[in-house]
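**Q** Sending over a structure as structure tokens; questions will come in a sec.
The values are calculated or read from the model by the stated rules, or taken from the named source; none is laboratory data. For clarity, every value in this text was computed on a predicted model and none was experimentally measured. So basically every Cβ, Gly included, is an ideal-geometry build from the backbone, and we count neighbours across all protein chains shown. Heavy atoms of the whole protein, side chains included, go into the accessibility calculation; ligands, DNA and RNA do not. Shrake-Rupley method; radii C 1.70, N 1.55, O 1.52, S 1.80 Å.
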Amino acid sequence: MSAEDSRTTEEAEPAEPGAEDGRSAAATTAVAAAEAGETGEAGEAGAAARKREQRGWYFYDFAVSVYSASVLTVFLGPYLTSVAKAAADAEGFVHPLGIPVRAGSFFAYSVSASVILAVLLMPLVGAAADRSGRKKPLLAVAAYTGAAATAGMFFLGGERYLLGGLLLIVANASLSVSMVLYNAYLPQISTPDERDTVSSRGWAFGYTAGSVMLVLNLVLYMGHDSFGLTEGMAVRICLASAGLWWGAFALIPLRRLRDRAVVREPGAGPAVSGWKQLVATLKDMRRYPLTLSFLLAYLIYNDGVQTVISQASIYGSEELELDQSTLIGAVLLVQVLAVGGALGMGRLARIYGAKRTILGSLAAWGVTLAVGYFLPARTPVWFFALAAMIGLVLGGSQALSRSLFSHLVPAGKEAEYFSAYEMSDRGLSWVGPLVFGLTYQLTGSYRDAIISLVAFFALGFVLLARVPVRRAVEAAGNPVPERI
């Protein structure tokens, strides 16, 4: 079946019952503006203002992606594991809060704890942003809390594994909260037909920043002796520099993005508590079962993506016995190729639709992990080949998932619904690290841990394939792009 045949088939399907009845006046107005290609201003002035906001929006990806690239993916996992091992008992266990934990699993468990905290915070912050209309001040608080925690990683050392776990939890949770607010701007600063491109460019900006920072980190780490630094001090400087970068470049989107006026519905005054709003949001989402179906699929396959990102360096250092410079080089390769991958998959989405392009990327993810299971130890060239495969699908699968979801969000509820999306993106991505950590704890093999993640991509593929996305867009009361 061709892409055009698929589009025609989905157009013939009836809209979800109640879609029109569920659209508020604010939603209708927003849809009309989107169909006209405007964001509230008329003509060329409106288009210029929209482009200016888009350029500012890209820079939050540029600011925050160095945390994911340098801290979470490269340095913190191996370094925090080494700190935990230094504090471990004779059997190789540390005892946070009196709980016996294998030192090699401490990092994965800390990641799981961070996203559980994010689950508690994201829906409340999203609801508060939609109700107040003040996303930007909340974005500033989340961004600078995360940046400060990351900069504080400079003080890790010795046996301070608990400090490392605490800073990781704060930084990761802050990142997740900030991404709720950041992603919620996407439907407001772009027309429906622009979103795949705008989202892909944001990811490309992020991977560009990650590449630049990793080059600087690689120079510092490999030449630490010539700089008069120990290896540990070089790592701590690399960790802290990501926090400084995050804080510095966050200033650009905070200057260019603007908050929109809120059209309040009866009974939605500020006196309603955050938890009541959270319950109301979850009840409201039940009116859009197709949106929930997409979120379920995304929750599962993205859990696999996030686990690969956070645990790849552990796999490379502990199982494949690769040194830190090799890991940095491999992640740098991922960042460089992910720029082209995100932009290239954005172009494929314009031809085949976002859904089909994402499905292709999930199949590629499964094959990549299967190959990774058989990689021989101490052979950097094969690890670089694996990194290249990851880079080509990483940015595109994330960017297109974000833009596709933006079409499934009712107008006026962007932050609330993107809090649910971010829970799927980072907030509920604790199952993968937990499975990874438990598999290693039970088997003592990181190979078994990495192959267990294939199940996330396989199940996510099946669930996404079953979602009629054209009907889902219509049910949310939004205009349907030509290709979706």
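**Q** Hey, can you tell me all the residues within region 106-134 that are open to solvent by 30 Å² or more (accessible area, probe 1.4 Å) and hydroxyl-bearing (Ser, Thr, Tyr)?
**A** 109, 132
**Q** Okay, moving on. In region 286-326, what residues are surrounded by fewer than 19 Cβ atoms within 10 Å (Cβ to Cβ) and under 21 Å from the mean Cα position of the chain (by Cα)?
**A** 292, 293, 296
**Q** List the number of the failed condition for residue 393; all other conditions in (1) surrounded by 21 or more Cβ atoms within 10 Å (Cβ to Cβ); (2) within 25 Å of residue 109 (Cα to Cα) hold.
**A** Tallying (1) surrounded by 21 or more Cβ atoms within 10 Å (Cβ to Cβ); (2) within 25 Å of residue 109 (Cα to Cα), residue 393 fails exactly one: (2).
**Q** Right, another one. I need the full set of residues from region 202-245 which are touching a Phe, Trp or Tyr at 6+ places or on another chain (Cβ under 8 Å), under 19 Å from residue 150 (Cα atoms) and crowded, with 22+ Cβ neighbours inside 10 Å, in order please.
**A** Scanning region 202-245 gives 206, 209, 213, 217, 235, 238, 239, 242, 243.
**Q** I've got another one for you. Considering every residue within region 400-417, establish whether at least one is open to solvent by less than 50 Å² (accessible area, probe 1.4 Å) and of a type in the set (Phe, Trp, Tyr). Working first, answer last.
**A** At the first step, the residues of region 400-417 found to be open to solvent by less than 50 Å² (accessible area, probe 1.4 Å) are 400-417.
If we keep only those that are of a type in the set (Phe, Trp, Tyr) as well, we get 405, 417.
Scanning region 400-417 turns up at least one residue that is open to solvent by less than 50 Å² (accessible area, probe 1.4 Å) and of a type in the set (Phe, Trp, Tyr).
**Q** Go through region 445-473 and give me each residue that's open to solvent by less than 50 Å² (accessible area, probe 1.4 Å) and either assigned to a loop (DSSP other than H, G, I, E, B) or charged (D, E, K, R) (or both).
**A** Across region 445-473, the qualifying residues are 445, 447, 452, 453, 467, 468, 470.
**Q** Something else now. Under 7 Å between Cβ atoms, which residue pairs at least 6 apart in sequence (or on different chains) link something in region 204-231 that is of a type in the set (A, V, I, L, M, F, W, C) with a partner that is not in a helix (DSSP H, G or I)?
**A** Sorted first by the residue in region 204-231, then by its partner, the pairs are 220/227.
**Q** In contact with a Gly (Cβ under 6 Å, 6 or more places away or on another chain) and touching a residue at least 12 places away in the same chain (Cβ under 8 Å): does that describe residue 464?
**A** Criteria not met by residue 464.
**Q** Scan region 97-116 and give yes if some residue there is in a loop (DSSP other than H, G, I, E, B) and modelled with pLDDT of 85 or more, otherwise no. Talk me through it step by step, then tell me what you get.
**A** First, pick out the residues of region 97-116 that are in a loop (DSSP other than H, G, I, E, B): 99-100.
Restricting the remaining residues to those that are modelled with pLDDT of 85 or more gives 99-100.
Yes, region 97-116 contains at least one residue that is in a loop (DSSP other than H, G, I, E, B) and modelled with pLDDT of 85 or more.
**Q** Right, something else. What are the residue pairs meeting all of these: first residue in region 151-178, first residue modelled with pLDDT of 90 or more and open to solvent by less than 10 Å² (accessible area, probe 1.4 Å), second residue of a type in the set (A, V, I, L, M, F, W, C) and not in a helix (DSSP H, G or I), Cβ atoms under 8 Å, and 6 or more apart or on different chains?
**A** Final answer for the pair search is 164/156.
**Q** Does residue 420 qualify as being out of contact with any strand residue (DSSP E or B) (no Cβ under 8 Å at 6 or more places or on another chain), at pLDDT 85 or above, crowded, with 23+ Cβ neighbours inside 10 Å and under 18 Å from residue 290 (Cα atoms)? Steps first, please.
**A** Working: out of contact with any strand residue (DSSP E or B) (no Cβ under 8 Å at 6 or more places or on another chain): yes; at pLDDT 85 or above: no; crowded, with 23+ Cβ neighbours inside 10 Å: yes; under 18 Å from residue 290 (Cα atoms): yes.
In short, no.
**Q** Could you please find all residues in region 338-379 being open to solvent by 50 Å² or more (accessible area, probe 1.4 Å) and part of a helix (DSSP H, G or I)? Even if it seems obvious, please write down each step before you answer.
**A** Initial filter on region 338-379 (open to solvent by 50 Å² or more (accessible area, probe 1.4 Å)): 343, 347-348, 350-352, 356, 363, 367, 371, 373-374, 376, 378.
Residues satisfying the conditions are 343, 347, 348, 350, 351, 352, 356, 363, 367, 371, 373.
**Q** Does region 135-142 contain any residue that is surrounded by fewer than 17 Cβ atoms within 10 Å (Cβ to Cβ) and part of a loop (DSSP other than H, G, I, E, B)?
**A** no
**Q** Still on this structure: Please specify each residue of region 185-201 satisfying the condition of being buried (at least 22 other Cβ atoms within 10 Å of the Cβ) and either in contact with a Phe, Trp or Tyr (Cβ under 7 Å, 6 or more places away or on another chain) or of a type in the set (Phe, Trp, Tyr) (or both).
**A** 185, 189
**Q** Quick check, is residue 31 open to solvent by less than 30 Å² (accessible area, probe 1.4 Å), within 30 Å of residue 144 (Cα to Cα), out of contact with any Asp or Glu (no Cβ under 9 Å at 6 or more places or on another chain) and at pLDDT below 80? I'd like the intermediate steps shown before the answer.
**A** On the way: open to solvent by less than 30 Å² (accessible area, probe 1.4 Å): yes; within 30 Å of residue 144 (Cα to Cα): no; out of contact with any Asp or Glu (no Cβ under 9 Å at 6 or more places or on another chain): yes; at pLDDT below 80: yes.
Judged against the criteria, residue 31 is not a match.
**Q** Looking at region 352-371, I want the residues that are more than 18 Å from residue 402 (Cβ to Cβ) and without any contact (Cβ under 8 Å) to a residue 60 or more places away in the chain and have a partner that is open to solvent by less than 30 Å² (accessible area, probe 1.4 Å) and polar (S, T, N, Q) with Cβ atoms under 9 Å, at least 6 apart or on another chain. Which pairs are those?
**A** Filtered contacts from region 352-371: 364/397.
**Q** Does residue 333 qualify as being modelled with pLDDT of 85 or more, surrounded by fewer than 24 Cβ atoms within 10 Å (Cβ to Cβ) and outside any helix (DSSP H, G or I)?
**A** No: the conditions fail for residue 333.
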